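> Below is one structure. I have some questions about it.
The numbers here are math on the coordinates, done by the rules we state, and not lab data. All of these numbers come straight from a predicted model, not from anything done at the bench. Note that we place each Cβ from the backbone using ideal geometry, even for glycine, and neighbour counts take in every protein chain shown.
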Amino acid sequence: MRSCLPLLPGSALRKRCFGVNKRSIVLKRTTKRKKVHSGGCKERDRGLVEKLEVMASPTEDHPPIGIDDINDESKKKKLNTDIVERESGGGEREMGHSIHRSGSRPQLDLSKAAIQGNFEEKDPTILLPNQSDDISHLALDIGGSLIKLVYFSRQEDRSTNGRRKKSLKEKFGVSNVNRRSYPILGGRLHFVKFETAKINECLDFISSKQLHRGGMDARHWNSDAPNNENAVIKATGGGAFKFADLFKERLGVSIDKEDEMGCLVSGANFLLKAIRHEAFTHMEGQKEFVQIDTNDLFPYLLVNIGSGVSMIKVDGDGKFQRVSGTNVGGGTYWGLGKLLTKCKSFDELLELSQRGDNRTIDMLVGDIYGGMDYSKIGLSASTIASSFGKAISENKNLEDYRPEDISLSLLRMISYNIGQIAYLNALRFGLKRIFFGGFFIRGHAYTMDTISFAVQFWSKGDAQAMFLRHEGFLGALGAFMSYEKHGLDDLMVHHLVERFPMGAPYTGGKIHGPPLGDLNEKISWMEKFVQKGTEITAPVPMAPPGTTGLGGFEVPSSKGDTLRSDASNLNVGVLHLVPTLEVFPLLADPKTYEPNTIDIADHGELEYWFTVLSKHLPDLVDKAVASEGGTEDAKRRGDAFARAFSAHLARLMEEPAAYGKLGLANLLELREECLREFQFVDAYRSIKQRENEASLAVLPDLLMELDSMNEEARLLALIEGVLAANIFDWGSRACVDLYHKGTIIEIYRMSRNKMQRPWLVDDFDVFKERILGSGDKQPHPHKKALLFVDNSGADVVLGMLPLARELLRRGTEVVLVANSLPALNDVTAMEIPDIVAEAAKHCDILRRAAEAGGLLVDAMINATDVNKENSSSVPLMVVENGCGSPCIDLRQVSSELASAAKNADLVILEGMGRALHTNYDARFKCDALKLAMVKNQRLAEKLINGNIYDCVCRYEPSNSKLQSSSLC
Ligand SMILES: CC(C)(COP(=O)(O)O)[C@@H](O)C(=O)NCCC(=O)O
Ligand SMILES: [Mn+2]
């Protein structure tokens, strides 16, 4: 018999999605709910396989929905038209803007959100008092050679359309209403610098961004100062005195001078406490990030190397003492260097040193000992015995020495001396940690190596020098922290997300032109950026191992002549402050938790992923451009995106630690962030829609088939279903190639057919026992399960939803956890309620649970009978995870997820990104099930000693040390 299942009819549901918090999504039915069979799905008389066959066979009325369709140009055009029409027809475009445009994680600060006006109104206004736009606040550190500027931007008070039937607080007990009387404000901290000599450029920048109109008075940054009268900017450094009149004259603002030392200390304390991996060691060319235990931070020695050097013993917040210093610092290097080499800038001098050989000037131990080591006291022949000492015995003039050699000799002399004095001071006060900061260092590998060598040499390996990524901004940050009541001092590591936007007028701190007004300017900047690409991105080569080994300062070896000495320019991004992020409370040990499974600090690994991502790029650009209608504007943006992302990748290949500690999850997220930077809201939108529709069309039959099985067979079929449907992954090259070979349903069926156990990691039996019980052991249902869902289409519809249904039927409350922002073809929290509503049309279990969970609103408003009916159902709910990436870092999740997790006793992580690339080794306080199909050959080999398309079903009961029964 050949018949055809109906394709999904136009949705009878009126879509209304508001805000990022999916608990606020309510779907209102406009048609009467169809009565369905209680306790199960509508009876049908065909077997699933038969139905799937039918679905896969094209008929005139119902052509198959093939994944290839998306690759077909003519159909692509049609899809694009559909999108444009849909967008212009409704409020979705607006929604897209408010939710997806910005690059940070959760885009809305919902704290103290309140509905304005009538609850029953169609689109009541939600007031977000803590959400504001481009209100900026600024602090400066005006030094002798550089002006460091830290400014904060947030979004303007704005009302957003939305509807919230029940507040988060009611549902999960979430309270974003802060304990303090003044809330931490969500926004971004930017780090920028200018040459002091070009102070007018700095003033222009402040003025064009209106940073001086941030509504500050002398003490409180959040006071409402509508005009500039009495406006005050906090500043530190000598220039705060020197240029006060100029600021008044040009900007009409007064400078409130803050103590330099105090600022350095509070800046350093803030960074060390609030930013993960802010500190790092640098030895023999290798950067290693250090995680400082904030409970064991004090006391430490802070060495700030500016023109001169200050050594400060820091005992706590606001508790410090300048214990030493030296007048031989950055100014000495620059001053002497300028006289001796005729260099025009500090950076030029530093750059020269890269090509220098100090042996022509410095007197080495070997020069004294006839080429021999002085081994008795541990000095190798190459150790510098006397800086510039060789010059005395040679009959040469200054012109006879190469400027490169002079610069290197000077750099070593000064760095070595500072390292030594710092160590002696640490010893004097018994301090374990020494942090070096200040713009002398400017991320220069060789300078850091030299200082590190000195500390290590004199301490005989007991002490290590540490450096700070935001080294140059300590003072400016400290001045910023001195505004009262911004609440930033309460920020914790998990509230901050660092981003590296491209296409801004500056890259990580260095201004390359006037601030950009709009996206268009950003794109043209990107085009220019690429023309000048090598010049801007070329990093300082790291010294290869061995250049400054213990026992001697060898010659720095450089990778080439196009060196840029101010590498630090690219080393800090924009700090996104997201006060709503929290640590996932079910992590067994958040302190030791590391999200990434594969370490891409390994160069081979990084190279592999670099190649993979580069190869994906053209295809992704095509999809992104198509998703925005294929217009000229979209093409230009697509081009800029490709350039920006490639530039990031190239930068990371050159210096993997350039942006801090890097894992594969960060690389994958970077791609999504770059897309968002160029306003690609959802590149896979049409693909996701098509796959959802195709899958929803066969869902009733799948459910019916499942219902006909005994519970043991059904549980197995459900897990098989999740694994099989995880094949729909548009981020995997191999899978995308597969999609050309058949329709969604054909591929799904093929994948299911290959699901034979045992899987390569197969803990199914233990999981089954926990769910179904065994022998006399009665099953004891979980109370609440968090299901971290992955892809749209078959993955969520035919995989995770039926599994959720099974748990619901067993009395387990289910929370579907999905992305806040799109990433590849991942389903977002915003999209799930529609999917559930459609599925619920054919399934009572899902319908009642969705109603109980507030996903279908009419039942909650008026139908008392339904309420009664629902009282027997555990709820099905949806929360966003706080991410816009295919992976998840559980140290930074949305507050809704953190709240929803509190009484959960089962976590199910699904997909390669969430369960393998990240969290494969994560341990939880509750039972955890990790399900994924491995869709990458290299990962399969590395992780499970298997092959592409092998599957992982890893079950870890909460209080058991049970190991996965892996076949590898
Ligand atoms: C980006 C992904 C992690 C998404 O996988 P998912 O979480 O959807 O299972 C995955 O597609 C991936 O690792 N791709 C690697 C590139 C490739 O194999 O082509
Ligand atoms: Mn995915």
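> Go through 777/925; 257/313; 242/344; 783/902; 741/930; 148/234 and tell me which ones have a Cα-Cα distance over 18 Å in this structure.
Long pairs (Cα-Cα over 18 Å): 777/925; 257/313; 242/344; 741/930.
> What list of ³J(HN,Hα) values in whole Hz, one per residue of the stretch 259-274 in order, does the Karplus curve 6.51 cos²θ - 1.76 cosθ + 1.60 (θ = phi - 60°) give from phi, with Gly and Pro shown as x?
Taking θ as phi minus 60°, the curve returns 4, 4, 5, x, 5, 4, 5, 5, x, 5, 4, 4, 5, 5, 8, 9 Hz for the stretch 259-274.
> In nm, to one decimal, how far is the residue 428 label point from the residue 902 one, both placed 7 Å along Cα→Cβ?
Those two pseudo-labels are separated by 5.1 nm.
> Looking at this model, which pairs from 319/432; 338/396; 661/688; 688/784 are more than 23 angstrom apart at the alpha-carbon?
Result: 661/688; 688/784 exceed 23 Å.
> Between rounded, prolate and oblate, where does the stretch 291-397 land on the alpha carbon gyration tensor, with a ≥ b ≥ c its root eigenvalues, rounded for a/c under 1.5, else prolate if a/b exceeds b/c?
Oblate shape, in that a/c is at least 1.5 and b/c is the bigger or equal ratio.
> Okay, moving on. Calculate the FRET efficiency for residue 296 and residue 484 from the Cβ-Cβ distance with a Förster distance of 25 Å, rounded to the nearest 0.05.
Once rounded, the FRET efficiency stands at 0.30.
> Shifting gears a bit: If r is the Cβ-Cβ distance from residue 603 to residue 462 and R0 is 30 Å, what FRET efficiency results, to the nearest 0.05?
The calculated FRET efficiency here is 0.50.
> Assuming R0 = 51 Å, can you tell me the calculated FRET efficiency for the pair residue 591 and residue 398, based on Cβ-Cβ distance, to the nearest 0.05?
About 0.35, to the nearest 0.05.
> Hey, another quick one. State, to one decimal in nm, how far the label point of residue 492 lies from the label point of residue 369, with both points 7 Å from Cα in the Cβ direction.
5.4 nm
> When a/c reaches 1.5 or more, the comparison of a/b and b/c decides; with that in mind, is the stretch 777-930 rounded, prolate or oblate per its Cα gyration tensor?
Because a/c hits 1.5 or more and a/b exceeds b/c, the stretch 777-930 counts as prolate.
> Counting Lys +1, Arg +1, Asp -1, Glu -1, what net charge surrounds residue 432 among other residues with beta carbon under 10 Å of its beta carbon?
Once positives and negatives cancel, what remains is -1.
> P(r) tail for the stretch 685-956, what percent of Cα pairs lie past 30 Å?
That tail contains 22 percent of the Cα-Cα pairs.
> Next question. Roughly speaking, what is the stretch gain from residue 741 to residue 941, that is 0.36 nm per residue apart minus the C-alpha to C-alpha distance, in nm to one decimal?
69.5 nm
> Across the stretch 900-915, in residue order, what do the Karplus-derived ³J(HN,Hα) couplings come to in whole Hz, using 6.51 cos²θ - 1.76 cosθ + 1.60 with θ = phi - 60° and x for Gly and Pro?
Each residue's phi maps through the Karplus curve to give 4, 6, 4, 10, 7, 10, 9, 10, 10, 9, 10, x, 5, x, 7, 10 Hz.
> Just grab the label-to-label distance for residue 776 and residue 754, each label 7 Å out from Cα along the Cβ direction, in nm (one decimal).
Modelled inter-label distance: 4.5 nm.
> Evaluate the charge dipole of the stretch 630-774 about its Cα centre and quote only its size in Debye, nearest 20, assuming +1 on the Cβ of each Lys and Arg and -1 on the Cβ of each Asp and Glu.
460 debye
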